[in-house]
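Enquirer: Would you mind keeping the following structure in view while I ask a few things?
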Amino acid sequence: MPKSARNYDQPAAHYHLLFENWDAAVRRQGAVFDRLIGRMLGPDPERMPDAACGIGTQAIGLALHGHVVTGSDCSAAAVARARREARRFGVDAAFRVADLRTLSRSAVDRFAVVCALDNAVAHLECDAALATALGEMAEFAAPGGLVMISIRDYDALLAERPAGTPERVFEEAGGRLRIYQLWDWRNDASYRFRLFIVWEDSGGNETLVFEGWSRAVNRAQVIRAFEAAGLSSVQWLEPEQSGFYQPVAVAFRSAA
C-alpha cells in the first residue's frame with residue numbers, strides 16, 4: 001500500500017463511527033455480497049480471502065452467511081480489531097497482516113472468490129501498483145474464479161472534483177455525530193483527504209481528524225488492470241444492481 005500503513009492504523013479504533021450502526025452494516029453488507037456471490041457462482045458458501053479487510057466489515061458479514069473467510073490488510077491495528085470483532089460476532093474468520101501487492105508470497109491454495117472492497121484499490125499509488133495488486137488477487141483465484149473490487153464512482157468525481165463529501169449527521173444518545181471529508185486535489189488525479197468525526201453534546205465539541213491519500217482511479221484504468229492480470233469478462237455493477245453503495249467491478253480468471 002502507498003505511503004505508510006500508519007495512516008490506516010490510526011482510524012482503526014474509530015472506523016465503526018463512519019456508520020450509523022456498524023453492527024447492522026456488517027450484517028447488511030454481508031447479505032449484499034452473499035447474494036452477489038450466489039448470483040455469480042451459485043448458492044453454496046465459498047472459501048475466500050478478503051484482501052483488504054480493514055476492521056472486518058465485509059469479511060465478518062460474509063462469515064455470518066457461512067463463507068469461510070481469511071481477511072488480510074496492510075494495517076496491523078485494523079487486523080487486530082478485526083480479530084476482536086470476529087470473536088464478538090461469534091464467527092470463525094482468520095485475519096493476517098499482508099500487502100495487496102504481495103499476497104501470493106503466501107499463496108498455498110486457490111479460491112472461488114477473492115475480494116478487496118470499499119475503495120481499497122484507490123490507495124495504490126499508480127497504475128502499475130494497481131495491476132500488480134489485481135495480479136496478486138488473480139493468483140489466489142481458482143480457474144474460473146471471481147475477483148471482485150468496489151471503488152468510488154471516480155469517473156463522475158473526476159468531472160466535478162468536489163471539495164469533499166457531504167456531511168452525514170447521526171443522532172446519538174446525549175448528542176450527535178457529524179462526519180465529513182475534505183479533499184485537496186492534485187494535478188495527477190490523486191487527492192489528500194481529511195476525515196473529520198465531530199461529536200457534539202451539551203458540553204461542547206470533540207473532533208477527531210484523520211488524514212490519508214487516494215487516487216481517483218477511473219473505470220478504464222480498472223479494466224486495463226484486470227486485463228493485465230489475465231482476468232476477463234469484466235462487469236460493472238451499479239449500486240442499484242448490487243445493493244452496495246459503491247460501484248462493484250467483477251472479473252473472472254480463465255477456466256483453462
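Enquirer: Listed residues ARG96, ARG101; which is assigned to a helix (DSSP H, G or I), among the charged types (D, E, K, R) and either under 21 Å from VAL222 (Cα atoms) or open to solvent by 30 Å² or more (accessible area, probe 1.4 Å) (or both)? Even if it seems obvious, please write down each step before you answer.
Expert: Details: ARG96 fails: assigned to a helix (DSSP H, G or I).
It is ARG101.
Enquirer: Taking into account only those residues within segment 154-175 that are in contact with a Lys or Arg (Cβ under 9 Å, 6 or more places away or on another chain) and either open to solvent by less than 20 Å² (accessible area, probe 1.4 Å) or of a type outside the set (Lys, Arg) (or both), which is nearest to GLY212 (Cα to Cα)?
Expert: Restricting to residues being in contact with a Lys or Arg (Cβ under 9 Å, 6 or more places away or on another chain) and either open to solvent by less than 20 Å² (accessible area, probe 1.4 Å) or of a type outside the set (Lys, Arg) (or both), the top hit is GLY164.
Enquirer: Next up: Say we look at segment 176-214 and pick out the residues that are in contact with a Pro (Cβ under 8 Å, 6 or more places away or on another chain) and open to solvent by less than 40 Å² (accessible area, probe 1.4 Å); which of these is nearest to ASP9 (Cα to Cα)?
Expert: This residue is PHE210.
Enquirer: Go through segment 191-219 residue by residue and tally those that are touching a residue at least 60 places away in the same chain (Cβ under 8 Å), under 19 Å from PRO162 (Cβ atoms) and not β-branched (Val, Ile, Thr).
Expert: Qualifying residue count, segment 191-219: 10.
Enquirer: Check SER190, SER242 and return the single one that is closer than 18 Å to ALA156 by Cα, modelled with pLDDT of 95 or more and among the hydroxyl-bearing types (Ser, Thr, Tyr).
Expert: Of SER190, SER242, the one residue that is closer than 18 Å to ALA156 by Cα, modelled with pLDDT of 95 or more and among the hydroxyl-bearing types (Ser, Thr, Tyr) is SER190.
Enquirer: Which of the strands (runs of 3 or more DSSP E) contained wholly in segment 161-256 include at least 1 residues that are hydroxyl-bearing (Ser, Thr, Tyr)? I'd like the intermediate steps shown before the answer.
Expert: Numbers: elements: 168-172, 175-185, 190-201, 204-215, 231-237, 248-253.
Answer list for segment 161-256: 175-185, 190-201, 204-215, 231-237.
Enquirer: Output the residues belonging to segment 29-41 that are of a type outside the set (Val, Ile, Thr), farther than 9 Å from LEU62 by Cα and open to solvent by less than 30 Å² (accessible area, probe 1.4 Å). Write out each step before concluding.
Expert: Keep residues of segment 29-41 that are of a type outside the set (Val, Ile, Thr), which gives 29-31, 33-36, 38-41.
Now restrict to residues that are farther than 9 Å from LEU62 by Cα: 35-36, 38-41.
LEU36, GLY38, listed by residue number.
Enquirer: If you don't mind, there's one more thing I want to ask. Determine if segment 42-60 includes at least one residue that is touching a helix residue (DSSP H, G or I) at 6+ places or on another chain (Cβ under 8 Å), open to solvent by less than 20 Å² (accessible area, probe 1.4 Å), assigned to a strand (DSSP E or B) and charged (D, E, K, R).
Expert: For segment 42-60, residues touching a helix residue (DSSP H, G or I) at 6+ places or on another chain (Cβ under 8 Å), open to solvent by less than 20 Å² (accessible area, probe 1.4 Å), assigned to a strand (DSSP E or B) and charged (D, E, K, R): present.
The values are calculated or read from the model by the stated rules, or taken from the named source; none is laboratory data. What you are looking at is a predicted structure, and each value in this text was computed from that prediction instead of being measured. FYI the Cβ positions are ideal-geometry reconstructions off the backbone, even for glycines, and counts take in every protein chain you see. Surface areas here come from the heavy atoms of the whole protein model, side chains and all, with no ligands, DNA or RNA. Shrake-Rupley method; radii C 1.70, N 1.55, O 1.52, S 1.80 Å.
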